[in-house]
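Since the structure comes first, as C-alpha cells, the remarks are kept for the end.
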Amino acid sequence: MSNIPRRAAFIAIEGLDRSGKTTQVATLQTRLQAEGIPVKLLKFPVDRTTAIGQMIDSYLRSQSELDDRAIHLLFSANRWELAASIEQLLAAGTTVVCDRYAFSGVAFSTAKGLSLDWCRSPDVSLPAPDLTLFLDITPEQARSRGGYGEERYEKEEMQRKVRDVFHQISSEFTAATWVTIDAGREREDVAEDVWNFVRQLTGGLSSPLERLWEGKK
Ligand code: DGP
C-alpha cells in the first residue's frame, strides 16, 4: 500500500469563443456533484472581481487600453492569485475545474503577435492541470452559431489565429494530459465525451501535482 496521500484532480477546460465552453463547464460541475464528488469551479479571468480582474474586464470590454505585454502579465497574475488556493483544494480532496487557464493566456497573446516562449514564461511553475480538455470549433461553425459577440477578441481573424496556437500548444502534451474535443457536435455528445475523460480521474491521484511547463510535456 502506498502511503502517498491521494489528492483530487485538476482539470482545465479550454475552448474557442462560441465553442459552448460555459455550458459544458456547468454540465460537468452538475455531473460531478451528482456523483457526490466535491468540486470547485474557477473561471479565469477570475470572476472579474479582484483588482486585477477588474482591469482585465475593462480591457476586454474595450473600456481601457493596455500594452499587449502588460495585459498578458495581468492575466497571468490573475492565475497566480489563485495558485495556492488550487493546491489547497486539491490536497483537501476537492476536484478543481478551471474554465480557461494558462493555455488561453498563451493562445490569445501569441495570436496578437507576441512570441510563444515569451508568453509562456510568466505562467511557468503554475499548478499543471492533470487533464486539459480543449473544445475545438471551426470559424465556420462559430459563424453558424450566430458569430462572435462584442468583446475585444471576438473577431473571426483573431479566433482563427487563436485556434492555430491552441493546436500548436496541444502538440507539446501527451494524449493523457491534453484532449481535443470536437465541440461542433450536439451538446449532449460533447458533454458525454467530457464526462468520459473526467470520470477516469474522479477516484483521485497519488502522483504529486506537476508544475506547468517545468520540463514535463
Ligand atoms: P470567456 O469569458 O471564457 O469567453 O473569456 C473572455 C475572453 O478573455 C475571451 O475572449 C478570451 C480572453 N482570455 C481569457 N484568458 C485570457 C488570457 O490569459 N490572456 C488573454 N490575452 N486573453 C484571455
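The values are calculated or read from the model by the stated rules, or taken from the named source; none is laboratory data. Because the structure is predicted, anything quoted here is derived from the model rather than measured. All Cβ positions, glycine included, derive from the backbone under ideal geometry; neighbour counts span all protein chains shown.
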* Taking Ala34 and the conditions (1) free of Cβ contacts under 8 Å to residues at least 24 places away in the same chain; (2) under 24 Å from Trp195 (Cα atoms); (3) within 14 Å of the ligand (Cβ to nearest atom), which numbered condition does it fall short on, given that it satisfies the others? -> (3)
* Consider Val97 against the criteria (1) buried (at least 21 other Cβ atoms within 10 Å of the Cβ); (2) under 16 Å from the mean Cα position of the chain (by Cα); (3) part of a helix (DSSP H, G or I): it satisfies all of them except one. Which criterion is unmet? -> (3)
* **Of the criteria (1) in contact with an Asp or Glu (Cβ under 8 Å, 6 or more places away or on another chain); (2) of a type in the set (A, V, I, L, M); (3) surrounded by fewer than 17 Cβ atoms within 10 Å (Cβ to Cβ), which one Ala83 fails** => (1)
* Going through region 154-163 one residue at a time, which ones are within 19 Å of Trp118 (Cβ to Cβ) and either away from the ligand (no atom under 15 Å from the Cβ) or at pLDDT below 95 (or both)? -> Met158
* Asked: Can you name the residue in region 182-198 that is among the acidic types (Asp, Glu) and assigned to a helix (DSSP H, G or I) and is also surrounded by the fewest Cβ atoms within 10 Å (Cβ to Cβ) among such residues?
  -> Glu188
* All but one of (1) surrounded by 15 or more Cβ atoms within 10 Å (Cβ to Cβ); (2) within 16 Å of the ligand (Cβ to nearest atom); (3) under 29 Å from Arg31 (Cα atoms); (4) of a type in the set (D, E, K, R) hold for Arg145, so report the exception by its number. => (1)
